[in-house]
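Shown next, in structure tokens, is the structure this report addresses.
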């Protein structure tokens, strides 16, 4: 997942609104969003290589989403899969703060990551490129492949489009998908320098990415209302086609 835009306790009806793009190599095997056979309470897509996920929600209202931290380092094949960070939280029962405090003690086991965990009432953020987990205040946030709210062009543009899309009392998911589909190319002077070279900085700069071998594989919109109604919609992109899956359920009492 390379871009997560979310509103935490700022909307009168939806305490949690998320719009996110997952960017990945096209040849990495993936299963679209579904309720998992081995964890029936988890609704998420699944990486079939490592069996983790990048974003999901549970029938009891737990939520987690992750992005990789972009840095020019040689990948260590001995590191654990970052996708398990999301799936472990969704499958577990630890409170958000304790889960992240435990994760921070073993942060060196993973390549660079950002993680958001919580529910409609409370959200926490942690990156293993920082020191401590942070409890998020109500607000609108953007998380790309650097620390939260780092003003990369896709985060700045994305937050503006996201805020416009949720300005009405009833959130229109289609407007959020339109924001995620934005392909605006920022000027070179606004691009970050993460060590991948100027050509790739350009290719990775738009909200929606499309290159020969790598790009946006899925866009997901999630709304959770005050009364516990969850709507999770995922659009999956394959070559020149796309398809949509939509789920709606009421959060179960624990």
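Taking other C-beta atoms within 10 Å as the exposure proxy, 198, 84 rank 198, 84 from fewest upward. Mean residue ellipticity, 222 nm, helices only, the chain: the sum of -39500 (n - 2.57) across DSSP H runs of n ≥ 4, divided by residue count and rounded to 500, is -5000 deg cm²/dmol. P(r) for segment 55-185, from all Cα pairs and a bin width of 5 Å, is 2, 10, 18, 20, 20, 15, 10, 4, 1, 0 %, short bins first. For the pair residue 59 and residue 122, label points projected 7 Å from Cα toward Cβ lie 2.5 nm apart. The residue 108 and residue 48 beta-carbon pair, evaluated with R₀ = 35 Å, returns a calculated FRET efficiency of approximately 0.85.
Computing FRET efficiency as 1/(1 + (r/R0)^6) for residue 101 and residue 242, where r is the C-beta to C-beta distance and R0 is 41 Å, gives about 0.55. Considering only beta bridges that DSSP places wholly inside segment 3-250, some 100 percent are antiparallel. Residue separation of residue 132 and residue 253 scaled by 0.36 nm, minus their Cα-Cα distance, works out to 40.5 nm of gained length. For the chain, the Cα gyration tensor yields ellipsoid semi-axes of 25, 22, 19 Å (square root of five times each eigenvalue, largest first, whole Å). Under the simplified labelling scheme, the residue 181-residue 94 pair shows an inter-label distance of 3.9 nm, with each label point 7 Å from Cα along Cα→Cβ. Note on residue 174 and residue 147: their simple-model spin labels are 4.0 nm apart, each label 7 Å out from Cα toward Cβ.
Taken together, the values in this text are just the output of simple stated rules run on the coordinates, not laboratory data. Predicted model only: the values in this text are computed from it and were never measured. Neighbour counts are summed over all protein chains in view; Cβ atoms, including those assigned to glycine, are modelled from backbone coordinates with ideal geometry.
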